1. Given a Förster radius of 25 Å and the C-beta distance between Glu10 and Asn47 as r, what FRET efficiency does 1/(1 + (r/R0)^6) yield to the nearest 0.05?
2. What's the local net charge at Glu17, with K and R +1, D and E -1, over the other residues with C-beta under 12 Å away?
Amino acid sequence: MSKKENTFEELITKLEELTNKLEGEKLSLDESVKLFEEGIKISKECNEKLENAEKRISILINDGENLKEESFDVGQE
């Protein structure tokens with residue numbers, strides 16, 4: 001059985017839960033470090049999902065009667 005991949009929204013929720021635990025609970029140093037490591041892992045996974053989404057985004061520009069597709073450029077305004 002393959003592991004179900006979490007959505008970006010699910011990962012953000014997990015990250016918020018970890019943050020709340022770190023901020024609100026009395027944890028040992030070891031527990032805090034483990035939660036922090038897990039948060040970093042989730043954060044990296046979120047970043048990968050955002051990068052993949054950015055790569056998939058394209059902008060359709062109406063060029064007269066013709067539509068043309070251009071790659072999304074973060075620096076483009």
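Every read-out reported here was derived from the displayed coordinates using simple, explicitly stated rules and does not represent laboratory data. This is a predicted model, so every value here is computed, not measured. When we count neighbours, we look across all protein chains shown, and the Cβ atoms used for this are built from the backbone with ideal geometry, even at glycine.
1. Details: r = 15 Å, r/R0 = 0.60.
Approximately 0.95, to the nearest 0.05.
2. After counting each charged neighbour, the total is -3.
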